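These notes are about the structure you will find just below.
The values are calculated or read from the model by the stated rules, or taken from the named source; none is laboratory data. None of these values were measured; they are calculated from a predicted model. Positions of Cβ are backbone-derived with ideal geometry, glycine not excepted, and every protein chain shown enters the neighbour counts. Note: areas computed on protein heavy atoms with side chains; ligands, DNA, RNA excluded. Shrake-Rupley method; radii C 1.70, N 1.55, O 1.52, S 1.80 Å.
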Amino acid sequence: MSHIVRLATCAALLAGTALTSAGAADLPSAKTAPLAPVITQWSPWMIRGRALFVVPQESAKLKLGGAPIIGGDVDISNSVVPELDISYFFTRNIAVELILGVTPHNVKGSGTLAGARIGSAWLLPPTLMLQYHFTDLGAFKPYVGVGVNYTVFFNEKAKGGFASFDLKDSFGFALQAGFDYMIDRHWGINFDVKKIFLEPKVKVNNGLISGKVKIDPWLIGAGVTYRF
């Protein structure tokens, strides 16, 4: 009889343990698994399209048959052109930017050469900038840059009775400051100012007139930014 009582007691204990475990399983856990973080993929590529106002800060040192032209100078026209640039970010702060565009200009005499029409030319000035971007100001993202420019002159045409007009392709040094204001993750507006230090050699009438022309343009641009 006592043996039967012991078996019944063990069965009751086992049943109680099972019910307790089942009830505990139905209760909500005090610890919940953390939500997986939302990962936003970062792209290193950005492009901009700008309207660019090109303002030369010109001066010249010219010679006629080897003798200096006293007071002889030049005047180079301003230009408004479209511009495309492509940026690649090595980090969130450090980037390189390649600036592409072409710009036409007319050249005429000033000073003692005032009134003389000299020529016209197109400039292809690809410029590679190394930039630092400030990223702790929310949607406002200013940057500064320094770089090198190589200007190709093409479609040169002599005017005003001159037989030829030639500008030699030249390297130049460039400085830059600007900002992007991001409207959302991808789109923003851009304002940008660059100064290019450019002084090509020039020949008119196959070298009868020769010298150097300091162009040193300001490039003032505004447009749209797209971040991939």
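Kirkwood hydrodynamic radius for the range 133-228: how many Å is it when counted over pairs of different Cα atoms?
About 16.0 Å, per the Kirkwood formula over Cα pairs.
Can you tell me the order of 130-137, 163-170 when each peptide is scored by its average per-residue count of other Cβ atoms within 10 angstrom, highest first?
Ranking, from highest mean packing down: 163-170, 130-137.
Give me the extension gain from Tyr150 to Asp136: residue separation times 0.36 nm, minus the current Cα-Cα distance, reported in nm with one decimal.
Using 0.36 nm per residue and subtracting the Cα-Cα distance, I get 1.7 nm.
Efficiency by 1/(1 + (r/R0)^6): what FRET value for Asn205 and Trp42, r their Cβ-Cβ distance, R0 = 41 Å, to the nearest 0.05? List each step's numbers first, then the result.
Numbers: r = 57 Å, r/R0 = 1.38.
Computed FRET efficiency for Asn205 and Trp42: 0.10.
What aspartates and glutamates does Lys108 reach when the alpha-carbon gap must be under 12 Å and sequence neighbours fewer than 8 apart in one chain are set aside?
Straight-line reach from Lys108, under 12 Å: Glu58, Asp73, Asp75.
Per residue, how large is the accessible surface of the range 73-228? Use a 1.4 angstrom probe and give square angstrom.
So the range 73-228 comes to 50 Å² accessible per residue, rounded to a whole number.
Could you run the Karplus curve 6.51 cos²θ - 1.76 cosθ + 1.60 with θ = phi - 60° over the range 111-117 and give me ³J(HN,Hα) per residue in whole Hz, x for Gly and Pro?
x, 6, 9, 4, x, 7, 7
In whole Å, what are the Cα extents of the range 57-205 along the three principal axes, biggest one first?
58, 23, 23
So which lysines pass the test for Lys195, namely a Cα distance under 17 Å, with those fewer than 8 places away in the same chain ruled out?
Lys214
As an exercise, use a Förster radius of 25 Å and the Cβ-Cβ distance of Ala51 and Arg117 to find the FRET efficiency, rounded to the nearest 0.05.
My answer for the efficiency is 0.35.
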